[in-house]
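*Asks:* Here it is, the structure in full.
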Amino acid sequence: MYQLIFAHGWGFDQTFWQKLSEKFSNRYDVLMVDFGYTGNKVVTLDNLNEKKAICIGHSLGVLWLLKNVSNPRALISISGFIGYQSFFGINKIQKMKRILLKNTATQMKLFYKHTGFNVTPTITFDTEALVDGLEYLQFGDASKELSKLKCPVLAITSRDDRIMPQGIAKKIWKNHNLHVLRDGGHVTPVSKVDECESLIKNFLIDNEL
């Protein structure tokens, strides 16, 4: 049985994948990564079998998967980053850090608004983990890992993604299959579950996975 490894983006947790992952749980072994932004950190890959691993990442999660799973059977990127500075500079991240340290709740509300995540969860955030995540995004670079990847790649983005603009997504994934959804913001695994499911299922079928 193939393994689906889900890695969420900055500011979210593994529940981000709940609706989408349920669509695949009958056919695949599902593994969840959680970066601890809400206090439940799970980043061990002890049960990973790279020969069976299909990586599905959102935003920062794509960067992490590229750096930590060296030879997957396939990679699916949803609004995925492979680095930040080379495309965006550092001013925005530095501003986010300052607001986080001053008032974490304020920064997260602003962030969710920009992503299109309409329901702000009533949860307690781990500010230190969030700052660490921003630094990982700021200084991380998986461009070499992506260039060396030999497996099939599917990239998904949306026209109205304010975090990962369509133009930059096209630059990042220019050598791969990029599908642009009409809308859905930065959170299409939540806002466009059925569309994401269909694209992923067809991709897996086409590649006999």
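The values are calculated or read from the model by the stated rules, or taken from the named source; none is laboratory data. All values derive from a computational prediction rather than experimental measurement. FYI the Cβ positions are ideal-geometry reconstructions off the backbone, even for glycines, and counts take in every protein chain you see.
*Asks:* Looking at the structure I just gave you, is residue 186 modelled with pLDDT of 95 or more and out of contact with any helix residue (DSSP H, G or I) (no Cβ under 8 Å at 6 or more places or on another chain)?
*Replies:* No.
*Asks:* Right, here's the next one. Evaluate segment 117-128: report whether one residue or more is within 29 Å of residue 53 (Cβ to Cβ) and touching a helix residue (DSSP H, G or I) at 6+ places or on another chain (Cβ under 6 Å).
*Replies:* No: segment 117-128 contains no residue that is within 29 Å of residue 53 (Cβ to Cβ) and touching a helix residue (DSSP H, G or I) at 6+ places or on another chain (Cβ under 6 Å).
*Asks:* A further question follows. Out of 7, 53, which single residue is over 18 Å from residue 187 (Cβ atoms), modelled with pLDDT of 95 or more, small (Gly, Ala, Ser) and crowded, with 16+ Cβ neighbours inside 10 Å?
*Replies:* Numbers: 7 fails: over 18 Å from residue 187 (Cβ atoms).
Sole residue among the options that is over 18 Å from residue 187 (Cβ atoms), modelled with pLDDT of 95 or more, small (Gly, Ala, Ser) and crowded, with 16+ Cβ neighbours inside 10 Å: 53.
*Asks:* For segment 106-127, which residues satisfy the criterion of being exposed (fewer than 13 other Cβ atoms within 10 Å of the Cβ), farther than 21 Å from residue 188 by Cβ and without any contact (Cβ under 8 Å) to a residue 24 or more places away in the chain?
*Replies:* The answer is 106, 122.
*Asks:* Also, quick follow-up: Looking only at segment 153-171, decide whether some residue is free of Cβ contacts under 8 Å to residues at least 24 places away in the same chain and either surrounded by 19 or more Cβ atoms within 10 Å (Cβ to Cβ) or assigned to a loop (DSSP other than H, G, I, E, B) (or both).
*Replies:* Step one: list which residues in segment 153-171 are free of Cβ contacts under 8 Å to residues at least 24 places away in the same chain, which gives 165-167, 170.
Subset that is either surrounded by 19 or more Cβ atoms within 10 Å (Cβ to Cβ) or assigned to a loop (DSSP other than H, G, I, E, B) (or both): 165.
Within segment 153-171 (the criterion being free of Cβ contacts under 8 Å to residues at least 24 places away in the same chain and either surrounded by 19 or more Cβ atoms within 10 Å (Cβ to Cβ) or assigned to a loop (DSSP other than H, G, I, E, B) (or both)), the answer is yes, since at least one residue qualifies.
*Asks:* Still on this structure, please answer the following. State yes or no: is residue 20 part of a helix (DSSP H, G or I), closer than 19 Å to residue 207 by Cβ, in contact with a Pro (Cβ under 6 Å, 6 or more places away or on another chain) and of a type outside the set (S, T, N, Q)?
*Replies:* For residue 20, the condition - part of a helix (DSSP H, G or I), closer than 19 Å to residue 207 by Cβ, in contact with a Pro (Cβ under 6 Å, 6 or more places away or on another chain) and of a type outside the set (S, T, N, Q) - is met.
*Asks:* Residue check: is residue 134 at pLDDT 90 or above, within 19 Å of the chain's Cα centre (by Cα) and either surrounded by 18 or more Cβ atoms within 10 Å (Cβ to Cβ) or within 26 Å of residue 183 (Cβ to Cβ) (or both)?
*Replies:* Details: at pLDDT 90 or above: yes; within 19 Å of the chain's Cα centre (by Cα): yes; either surrounded by 18 or more Cβ atoms within 10 Å (Cβ to Cβ) or within 26 Å of residue 183 (Cβ to Cβ) (or both): yes.
Yes: the conditions hold for residue 134.
*Asks:* Also: Within segment 81-92, identify whether any single residue is of a type in the set (Phe, Trp, Tyr), over 14 Å from the mean Cα position of the chain (by Cα), surrounded by 16 or more Cβ atoms within 10 Å (Cβ to Cβ) and more than 14 Å from residue 142 (Cβ to Cβ), and answer yes or no. Step through it out loud before you land on a result.
*Replies:* Step one: list which residues in segment 81-92 are of a type in the set (Phe, Trp, Tyr), which gives 81, 84, 87-88.
The next check asks that each one be over 14 Å from the mean Cα position of the chain (by Cα); those that pass are 87-88.
Then keep just the ones that are surrounded by 16 or more Cβ atoms within 10 Å (Cβ to Cβ); that gives 88.
Imposing the further condition that a residue be more than 14 Å from residue 142 (Cβ to Cβ) reduces the set to 88.
There is at least one residue in segment 81-92 that is of a type in the set (Phe, Trp, Tyr), over 14 Å from the mean Cα position of the chain (by Cα), surrounded by 16 or more Cβ atoms within 10 Å (Cβ to Cβ) and more than 14 Å from residue 142 (Cβ to Cβ).
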